[in-house]
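Asks: For reference, the structure I am asking about is given below.
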Amino acid sequence: MARIFADIVRKVRDGECLNRDELISLLDLPPDAPESFQIMAEANRVSKELTGNRAEIHAQFALNLGPCAKDCQFCSFAACHGIFDRATELTADQAVTQARRFEAEGANAIFVMTTAAWPLAAILEIAAELRRQLLPTTPLVANVGDQTAAGARRLREAGFAGVYHALRLREGIDTRLSPEERRRSIRYFQEAGLQVGTCVEPIGPEHSNEELAEMIQFTATIGPVFSGAARRIAIPGTSLARHGMISEMRMAQIVAVTRLGVPRSVAGNCTHEPCTLGAAAGANLFWAEAGANPRDTRERTEEGRGTNVAECCRLFGEAGWQCLEGPSQFYRT
Ligand code: SF4
C-alpha cells in the first residue's frame, strides 16, 4: 500500500485526477489513518489554491413544505414517513424577505428549494419577484425536481444562474425517482445555460467504497461548478435512520477523496452539514438554511438543525479559511 499511496500523492501533486481504483484504495483507509490525514491535507491545499482561500456560503430556504410522493427514504418530507402531513407554502413577499435577509447576512448565492412535484409556474412566479428584489449580482439557484428541456429553459429565463441537482446514492432504490431522468435533467439544465452544482449524497454507513468511487466519478463527468460529499442525517421516523450515520471524520475523508477525484476545472467542493473537520479536509462550500428542511423534523430549521451564515463562516475560520465577500465565484451571474 505504501508504494500505491506514494504514487497517488505524486499524481495529486502533479494535478492529475485519481482513477476508480485509486479512489477506492483511499476510501478503504481508516478515516484516522496517517495516510487519510495526508489526503485531507492535500485536498485542503488544492481547494484553497483553486479559490484563493475564499470559501463560499450559499443559503437555502424552501418555497413549500408538504408530503412528497417521491418517498425518498432519507427525507423528512417523504409522504411514507408521515412526518409532515400539512402542505404550506411561502408567499412571494415571504420569499423575498427571507432571500434579502440571507443576502444582507452575506450569503454568496441564494437557493430556493421545492418538493419534487411543486408546479414550475409557481417557482417561476416567485423567482421573477426575487430577481426584481435581490441585487443583480446575487446568483439565484434552483433546487427543484426533474425538468423537461423546456422547463429548464424557463428556469434560466426567469433569472436562475444555476441549479443544484444530484443523482443520489441508490437513486431509484431508496427513492421513487428515475436515475435516468435525474441524469437527463442535468443535461437539460446545462443545455439551457444553467450551471449545475452537485454532490455525492446522502452517504450512509451501508454504502460501499465502490459505490462512492463511482458516484465521485459520475459527478466529475458532468462538469459541475462544484462537487463534494454529504452524509445522511438519521432523521427520527425515516426508514434509513436504522442504518445510523457515518462520523464527521469519515465524511471528512470522503470530502477529501472527492476533491481528488474531480478535475481542477471544478473549483467547488461542498459538504453538508457544515463542520470544521469538513472544512479542514478541503470543503470550500457550506449551506446556511432557514424554513423547511428535508433533514429536519421542525418546520423552521433555524430552530433545529439549520446553521446560519455567520456560524458557517465561523466554522470555516476555525479551519483556516476566509469567507468570500460578494457574489459566488462558483455560480457566476
Ligand atoms: S428528497 Fe425531494 S424528491 Fe425526495 S421525498 Fe424529499 S422532497 Fe421529495
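We did not get these values from a lab; they are worked out from the coordinates using the rules stated. Everything quoted here is computed from the prediction, not taken from an experiment. Don't worry about glycine lacking a Cβ; one is built from the backbone with ideal geometry, like all the others, and counts go over all protein chains shown.
Asks: Is it true that some residue in segment 182-196 is hydroxyl-bearing (Ser, Thr, Tyr) and in a loop (DSSP other than H, G, I, E, B)?
Replies: no
Asks: Among the residues of segment 140-161, are any assigned to a helix (DSSP H, G or I), within 16 Å of the ligand (Cβ to nearest atom) and of a type in the set (Val, Ile, Thr)?
Replies: No, segment 140-161 has no match at all.
Asks: Mind telling me which of the residues 59, 104, 127, 95 ends up being more than 14 Å from the ligand (Cβ to nearest atom), crowded, with 17+ Cβ neighbours inside 10 Å and under 19 Å from residue 307 (Cβ atoms)?
Replies: Step by step, each of 59, 104, 127, 95 is checked, and only 59 is more than 14 Å from the ligand (Cβ to nearest atom), crowded, with 17+ Cβ neighbours inside 10 Å and under 19 Å from residue 307 (Cβ atoms).
Asks: When you check residue 37 against the structure, is it in contact with a Phe, Trp or Tyr (Cβ under 9 Å, 6 or more places away or on another chain), part of a helix (DSSP H, G or I), of a type in the set (Phe, Trp, Tyr) and away from the ligand (no atom under 16 Å from the Cβ), yes or no?
Replies: no
Asks: Identify all residues within segment 130-166 that are loosely packed, with under 15 Cβ neighbours inside 10 Å, among the small types (Gly, Ala, Ser) and either more than 18 Å from residue 185 (Cβ to Cβ) or free of Cβ contacts under 8 Å to residues at least 12 places away in the same chain (or both); write none if there are none.
Replies: 150
Asks: Now for a separate question. Please count how many residues of segment 224-242 are assigned to a loop (DSSP other than H, G, I, E, B) and among the aliphatic types (A, V, I, L, M). Outline the logic, then answer.
Replies: Taking segment 224-242 first, the residues assigned to a loop (DSSP other than H, G, I, E, B) are 224-225, 232-238.
Add one more test, that the residue is among the aliphatic types (A, V, I, L, M), and what stays is 225, 233-235.
Summing the residues that are assigned to a loop (DSSP other than H, G, I, E, B) and among the aliphatic types (A, V, I, L, M) in segment 224-242 gives 4.
Asks: In this structure, does residue 86 turn out to be loosely packed, with under 12 Cβ neighbours inside 10 Å and part of a loop (DSSP other than H, G, I, E, B)?
Replies: Yes; evaluated as a whole, the condition is true for this residue.
Asks: Select from segment 261-281 the residues that are among the hydrophobic types (A, V, I, L, M, F, W, C), out of contact with any strand residue (DSSP E or B) (no Cβ under 6 Å at 6 or more places or on another chain) and not in a loop (DSSP other than H, G, I, E, B) and write down the one among them that is nearest to residue 45 (Cα to Cα).
Replies: Looking at the filtered set, the residue picked out is 280.
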